[in-house]
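The values are calculated or read from the model by the stated rules, or taken from the named source; none is laboratory data. This structure is a prediction, so every number in the text was calculated from the model and none was measured. Backbone-built Cβ (ideal geometry, glycine too); neighbour counts: all protein chains shown.
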Amino acid sequence: MKKLLKIAVICGGPSSEHEVSLNSAKMVLKKLDRKRYAPTLVVIQKDKKWKLGPSKSIDIGAALAKLQLFDFAFIAMHGVFGEDGRMQALLEWIGIPYSGSGVLSSAMAMDKGISNKIYQELGMNVPAYKIISKYPRSSDHRFKVPAVVKPVDGGSSVGVSIVKSTKELQKVVKDALRKNDRVMVQQFMQGREFTCGVLEKKGMAFALPPTEIIPRSSKFFDYKAKYRVGGSLEITPAKLSPSMTKKIQAMALEAHRALGCRGMSRSDFILNGSTFSILETNTIPGMTETSLLPQAARAKGFSFPAMLDLIIEAGLKRK
């Protein structure tokens, strides 16, 4: 009998995306092929204790020792600690191969200031933006409105606001800096919202069919629109001409490669007229029942379990 690959599905963490992470992990756990894998749910609780399967909560030192008994780690954590390179660094330290991008790639994609500079170097359109820091304190919060205010290193649209007046901008930035060291103020662009995923097969990255996102519960693709069933209308493949489809796929692939992503990524775009502007690249896209990467993979002919196989295969090549 072929030995099953022991996989730790790691989720939770200290970020505001804790609950989304749990839902992603549960779906991954459900969809992993039991003929190939022996998965265990590993939850990093909000009190920073770790819980491996049904066992009691333990501290990080004991948890890392137990993790070394696994063959692979599937990271289903979003936001701080999971998506910013820190979990990846821990796993590399103890020598466990893992899913998704490496330490530097994760950190660069998570930091919207850095990733925007990389996009601009590639010649991609990026909405005008400004980074405002708490340390040293930035006093000049002027920016053309309407604008979008978001954490520089956030995800799942947590903490994102659209402001329509200068007075509102000052207040929102001030409030945001109480919770974050840096915030991005970005030009609000009216247009159609799209996302395009990338997977890898045998070391070769390929773009998935793009998805158009039409929010129903909100004015833009915020947390509710992303994770509430029926919160948005998602059209996959998107209704785009063949040339526009190739254009967005090429941009998603270029962002994936330039950031050094591994295994999977999903980049978000705004289409204004005939011009795509890139907003961000997610190195650990959601894996919930409403998530976009699995939808796009299915449209390309990959079932959820087959998509997970590709992600794991890419991670194992890191050995």
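Brief remarks on what is shown
- Any hit, the stretch 25-37, residues being free of Cβ contacts under 8 Å to residues at least 24 places away in the same chain and among the small types (Gly, Ala, Ser): no
- Scanning the stretch 166-210 for residues that are of a type outside the set (Lys, Arg) and assigned to a helix (DSSP H, G or I) yields Thr166, Glu168, Leu169, Gln170, Val172, Val173, Asp175, Ala176, Leu177.
- Restricting attention to the stretch 4-41 and to residues that are touching an Asp or Glu at 6+ places or on another chain (Cβ under 9 Å) and of a type in the set (D, E, K, R), the residue that is nearest to Pro285 (Cα to Cα) turns out to be Glu17.
- Cβ-Cβ under 7 Å pairs, at least 6 apart or on other chains, the stretch 190-212 side without any contact (Cβ under 8 Å) to a residue 40 or more places away in the chain and assigned by TED's automatic domain parsing to the domain that holds Asp309, far side surrounded by fewer than 23 Cβ atoms within 10 Å (Cβ to Cβ) and not in a strand (DSSP E or B): Glu212/Ala238; Glu212/Lys239
- Qualifying residue in the stretch 119-135 (condition: modelled with pLDDT of 95 or more, surrounded by 20 or more Cβ atoms within 10 Å (Cβ to Cβ), under 30 Å from Leu67 (Cα atoms) and not acidic (Asp, Glu)): no
- For the stretch 59-91, taking the residues that are without any contact (Cβ under 8 Å) to a residue 60 or more places away in the chain and assigned to a loop (DSSP other than H, G, I, E, B), the one that is surrounded by the most Cβ atoms within 10 Å (Cβ to Cβ) is identified as Gly85.
- Annotation note: Cβ proximity below 9 Å between a residue of the stretch 275-298 that is in a strand (DSSP E or B) and surrounded by 21 or more Cβ atoms within 10 Å (Cβ to Cβ) and a residue that is among the aromatic types (Phe, Trp, Tyr) and modelled with pLDDT under 95 (sequence gap 6+ or interchain) occurs for no pair.
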